[in-house]
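Shown next, in structure tokens, is the structure this report addresses.
Please treat every number below as a calculation from the coordinates, not as lab data. Everything numeric in this text was worked out from a predicted model, so none of it was measured. Neighbour counts run over all protein chains shown; Cβ positions are idealised from the backbone, glycine included.
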Ligand code: NDP
């Protein structure tokens, strides 16, 4: 199955930490002879360079890694993304729409407008704009087109919780968008894949509580969250199936959460 990655170009948003970083490493490890082009994107370019160095250190120089600064919440930045890539990296085969954030836990009436906007602009509009950016490349391929769009949603999009109304709404929107797009592209070889993680311990876990690590840790009291690698393995699994196999909709829990 890993052979199916050979020579592909993979774009990952939010590759500077957590699930995105692990996914980059997992793709690099999985590709035979590490023949793979990886475009790592996020806002923190200096951290992307560290991730790129980490990948090269672990798997060698075979994999071509390109760190690119990209704020997916900016439509202009997303519009300029593909034209700004070196030509050798523009023939994208896989887009992992992973960039996402949560701003605090608060009751709906007290959520700041700024926080509402940034969550929707990043988690929803950013993901849609990135998808629109790669689709012309995918559609130019034979038989209606080919390529993988892998959207990272969340259990929060299926099981809303008190204090998370906006974040949950963004992730429900990701799920609806993913399912609609899959139906629109049904006659093509373009696969639209949804991966919805349960609790995963990442930077995200602390940011959610405005940096209060004690509160963040309390969420996991008595239970073991997933690691970012657990989700990365599922993403790479989906991308390495036979072309006729779409891992359409996957919910990944730690066992205590199921
Ligand atoms: P992290 O906070 O570790 O990583 C989030 C990544 O998104 C970072 O690389 C960050 O990079 C990037 N990012 C945030 N905003 C933007 C932006 N505007 N433009 C580009 N990149 C951005 O969190 P996770 O790895 O946990 O989160 C990854 C995805 O998984 C998210 O979509 C999240 O909603 C989802 N998820 C996480 C769960 C969890 O429990 N951790 C559970 C379910 C889903 P930078 O700051 O450099 O831009």
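Shape class for the range 58-215, computed from the alpha carbon gyration tensor (a ≥ b ≥ c): prolate, with a/c not under 1.5 and a/b above b/c. Each residue, residue 218 and residue 244, gets one label point 7 Å from its Cα in the Cβ direction; the gap between the two is 5.3 nm. Most tightly packed first, judged by the mean number of other beta-carbon atoms within 10 Å of their residues, the peptides 231-238, 54-61 read 231-238, 54-61. Which shape class applies to the range 1-80: rounded if a/c is under 1.5, otherwise prolate when a/b exceeds b/c and oblate if not, where a ≥ b ≥ c are the square roots of the Cα gyration tensor eigenvalues? Since a/c reaches 1.5 and a/b is larger than b/c, the shape of the range 1-80 is classed as prolate. Report summary: the helix-based calculation at 222 nm, which adds -39500 (n - 2.57) for every DSSP H run with n ≥ 4 and divides by the residues of the chain, gives -12000 deg cm²/dmol.
For the chain, a Gaussian network of Cα nodes joined below 10 Å ranks 53, 31, 162 by mean-square fluctuation, and the top entry is 162.
The C-alpha atoms of the chain define a longest principal axis, and helix 228-239 lies at about 40 degrees to it. Any chance you could check the Cα centroid distance between the range 219-258 and the range 68-115 for me, in angstrom? Centre-to-centre distance over Cα atoms comes out at 22 Å.
Model label sites at residue 161 and residue 1, defined 7 Å from Cα along the beta-carbon direction, differ in position by 3.0 nm.
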